[in-house]
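A.B. asks: Let me begin by handing over the structure; questions about it come next.
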Amino acid sequence: MASLSVLLFGCLVILAATNNLAMVEGMKEFKVGGTEGWREPPQNNTSMYNDWAMRKRFHIGDSLVFKYKNDSVLVVDKFSYYHCNTSNPILALNNGNSTIMLDRPGPFYFMSGDPIHCRNGQRLLVEVMSQHPIHHSPPSVASPPESGSISPALSPLSSSGAFATATMFSPMVIAFVAAVVVPA
């Protein structure tokens, strides 16, 4: 019986580790401004960075890479962002190659440390969604029952959906199995 518990425990540890690796692989690194980098936008293109951000999906764990010369990146609050106020940044970076981890859901506000550049559009609002989803195959669609026959309802979860449910609870299961396997 103990060997079965040890085997089950080992399988659950591997399952939990596999789930964590899938989450890490989903993290993305975005180079702000693409090949142009972080710079003052051309005239009449003040929405350049926000247009760029609206075409992306940012999740917790993703990071933004700012590459720039003779400038800086400020992480600011909403008021400072909309008023190009550089006096009280949350974070100021000026090394020319700055990476910022998106560590929570919600809005992040960035702007140039030069207020004139900010007023000319060198600012960025990023809306961060929750964790990266684990992609699974879609559930199979059940055929309607033949007329006059009654059959039990089919589960809407595919086998991969059951796996996702198991992995979400794996830390609790591991703790339970560890408590059973390791005598007090």
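A.B. asks: Quick check: anything in the stretch 91-101 of a type in the set (A, V, I, L, M, F, W, C), touching a Cys at 6+ places or on another chain (Cβ under 8 Å) and closer than 23 Å to T35 by Cβ? Please lay out each step first, then the result.
C.D. replies: Of all residues in the stretch 91-101, those of a type in the set (A, V, I, L, M, F, W, C) come to 91-93, 100-101.
After this cut, where a residue has to be touching a Cys at 6+ places or on another chain (Cβ under 8 Å) as well, the list is none.
Within the stretch 91-101, none of the residues are of a type in the set (A, V, I, L, M, F, W, C), touching a Cys at 6+ places or on another chain (Cβ under 8 Å) and closer than 23 Å to T35 by Cβ.
Conditions tested, residue by residue: (1) assigned to a strand (DSSP E or B); (2) modelled with pLDDT of 95 or more; (3) over 25 Å from the mean Cα position of the chain (by Cα).
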{"site": "N85", "(1), (2), (3)": "no, yes, yes"}
{"site": "P89", "(1), (2), (3)": "no, yes, no"}
{"site": "A92", "(1), (2), (3)": "yes, yes, no"}
{"site": "S98", "(1), (2), (3)": "yes, yes, no"}
{"site": "C118", "(1), (2), (3)": "no, yes, yes"}
{"site": "L124", "(1), (2), (3)": "yes, yes, no"}
{"site": "P138", "(1), (2), (3)": "no, no, no"}
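A.B. asks: In addition: If you check every pair at least six apart or on different chains, which have Cβ atoms under 6 Å apart with a residue in the stretch 76-92 that is free of Cβ contacts under 8 Å to residues at least 60 places away in the same chain first and a residue that is part of a helix (DSSP H, G or I) and buried (at least 17 other Cβ atoms within 10 Å of the Cβ) second?
C.D. replies: C84/C118
A.B. asks: Let me confirm something: among N20, N45, N70, which residue is surrounded by fewer than 15 Cβ atoms within 10 Å (Cβ to Cβ) and either under 16 Å from F108 (Cα atoms) or modelled with pLDDT of 90 or more (or both)?
C.D. replies: Details: N20 fails: either under 16 Å from F108 (Cα atoms) or modelled with pLDDT of 90 or more (or both); N45 fails: either under 16 Å from F108 (Cα atoms) or modelled with pLDDT of 90 or more (or both).
Result of the check over N20, N45, N70: N70.
A.B. asks: Could you list, in sequence order, all residues of the stretch 100-116 that are part of a strand (DSSP E or B) and over 23 Å from R57 (Cβ atoms)?
C.D. replies: Listed by number, the list holds a single entry, S112.
A.B. asks: Report every pair of residues separated by at least 6 positions or lying on different chains whose Cβ atoms are under 6 Å apart, first residue within the stretch 107-125 and within 11 Å of S80 (Cα to Cα), second of a type in the set (G, A, S) and in a strand (DSSP E or B).
C.D. replies: C118/S112
A.B. asks: Only one of (1) under 15 Å from V32 (Cα atoms); (2) at pLDDT 95 or above is not met by S80, so which one is it?
C.D. replies: All conditions pass for S80, except number (1).
A.B. asks: Tell me, please, whether a residue that is of a type in the set (A, V, I, L, M) and either at pLDDT 80 or above or in contact with a Ser or Thr (Cβ under 9 Å, 6 or more places away or on another chain) (or both) can be found in the stretch 3-10.
C.D. replies: First pass over the stretch 3-10, keeping only residues of a type in the set (A, V, I, L, M): 4, 6-8.
Adding the requirement that they be either at pLDDT 80 or above or in contact with a Ser or Thr (Cβ under 9 Å, 6 or more places away or on another chain) (or both) leaves none.
Looking through the stretch 3-10, none of the residues is of a type in the set (A, V, I, L, M) and either at pLDDT 80 or above or in contact with a Ser or Thr (Cβ under 9 Å, 6 or more places away or on another chain) (or both).
A.B. asks: So in the stretch 73-95, with the set limited to residues that are closer than 14 Å to I116 by Cα and among the β-branched types (V, I, T), which one is surrounded by the fewest Cβ atoms within 10 Å (Cβ to Cβ)?
C.D. replies: Residue satisfying both the conditions and the ranking: T86.
The values are calculated or read from the model by the stated rules, or taken from the named source; none is laboratory data. Since this is a predicted model, take the numbers as computed values, not measurements. Cβ coordinates were reconstructed from backbone atoms using ideal geometry, including for glycine residues, and neighbour counts include every protein chain displayed.
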